[in-house]
Structure formats: structure tokens, C-alpha cells
1. Can you tell me which residues in segment 4-16 are surrounded by 12 or more Cβ atoms within 10 Å (Cβ to Cβ) and under 14 Å from residue 57 (Cα atoms)?
2. I'm told residue 102 meets every condition in (1) closer than 30 Å to residue 39 by Cβ; (2) touching a helix residue (DSSP H, G or I) at 6+ places or on another chain (Cβ under 9 Å); (3) not in a helix (DSSP H, G or I) except one. Can you identify the failing condition by its number?
3. Looking only at segment 50-72, filter to residues that are part of a strand (DSSP E or B) and in contact (Cβ under 8 Å) with a residue 40 or more places away in the chain; which one of those is surrounded by the fewest Cβ atoms within 10 Å (Cβ to Cβ)?
4. Determine if segment 130-138 includes at least one residue that is closer than 26 Å to residue 36 by Cβ, surrounded by 14 or more Cβ atoms within 10 Å (Cβ to Cβ), out of contact with any strand residue (DSSP E or B) (no Cβ under 9 Å at 6 or more places or on another chain) and modelled with pLDDT under 95.
5. For residues that are in a loop (DSSP other than H, G, I, E, B) and at pLDDT below 95, scanning just segment 17-42, find the one that is surrounded by the most Cβ atoms within 10 Å (Cβ to Cβ).
6. Is it the case, given these coordinates, that residue 45 is at pLDDT 95 or above and within 18 Å of residue 123 (Cβ to Cβ)?
7. Report the residue count in segment 80-129 for those that are free of Cβ contacts under 8 Å to residues at least 12 places away in the same chain and surrounded by 14 or more Cβ atoms within 10 Å (Cβ to Cβ).
8. Scan segment 114-129 residue by residue and report those that are over 16 Å from residue 29 (Cα atoms) and touching a helix residue (DSSP H, G or I) at 6+ places or on another chain (Cβ under 7 Å).
């Protein structure tokens, strides 16, 4: 047993449309927006789950670092559009209910609720930027 006490505090996903991201993460998934910094498309949106307020999800403009070239930005956007740049796995006690809500809102379904060979039941969507969002049944 380790004597180190460490937790996940913040995780990041890129986004390309702040308003669409607000609609997906806040309005559909129920995350609370705790910070909105920047303007236009260059906005950093920080969310928390009411069930886990100590862990932050920050949506960032892709490749906002000034050291990234325009070719690198283009490559990142292409990978995002394919859903192969970033991903996140969320958990819920009501997988079927969350799936139905997202499907009714025309979120892009990648996979319906399925029993996976590795022992979880999950589904998957793409967020408005193309990031893979998997949702596990928990509890």
C-alpha cells in the first residue's frame, strides 16, 4: 500500500464550438459550468459533475499554444473530426436513461448500450467536436 494520496483533479478535452459544447456537456449531460474564460471560439470552459465537484473537465480550444504551427492545428482538427484525438469515459447509474436522452437530442451515437468482453456495460457518443465520449454503467 502506497502512502501517496493522489487523485485526478482536472482533465482536458479540445472543443471547436463553445456553444455546442455547452449544450452537450451542461444541458444534456448535466455538468455544471463553473468557469468560462476567453471570447469567441477561443474559450476555455470548465465543468464539474454535481456528483463529483472536486474533479474538473476543461474544454480547450484545439492547439491554442502559440508554438503550434497551422499545419499541426489542421492535423489536430482532422483527428478530432474522426474521434481519434481525445476521449473520456464517464460513469452513470442509469446508462439506458442517459443513452435515450442523448439519442433523442440527436447526439452522434457510436455504440448503443452493450455488454463489453472486459466486464462493463457501456455506450459511446461523439461530442460536438468529435471527441469520443464513452459512458459506463456504474453501481
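The values are calculated or read from the model by the stated rules, or taken from the named source; none is laboratory data. As the structure is a computational prediction, the values presented were derived from the model and not from experiment. Cβ atoms come from the backbone with ideal geometry, glycine included; neighbour counts cover every protein chain shown.
1. 12, 13, 14, 15
2. Among (1) closer than 30 Å to residue 39 by Cβ; (2) touching a helix residue (DSSP H, G or I) at 6+ places or on another chain (Cβ under 9 Å); (3) not in a helix (DSSP H, G or I), residue 102 violates only (3).
3. 54
4. Checked against the condition, which is being closer than 26 Å to residue 36 by Cβ, surrounded by 14 or more Cβ atoms within 10 Å (Cβ to Cβ), out of contact with any strand residue (DSSP E or B) (no Cβ under 9 Å at 6 or more places or on another chain) and modelled with pLDDT under 95, segment 130-138 yields no hits at all.
5. Ranking the candidates gives 17 first.
6. Spelling it out, it is not the case that residue 45 is at pLDDT 95 or above and within 18 Å of residue 123 (Cβ to Cβ).
7. Within segment 80-129, residues that are free of Cβ contacts under 8 Å to residues at least 12 places away in the same chain and surrounded by 14 or more Cβ atoms within 10 Å (Cβ to Cβ) number 1.
8. Taking segment 114-129 as the starting set, the residues that turn out to be over 16 Å from residue 29 (Cα atoms) are 114-121.
Within segment 114-129, just 121 meets the criteria.
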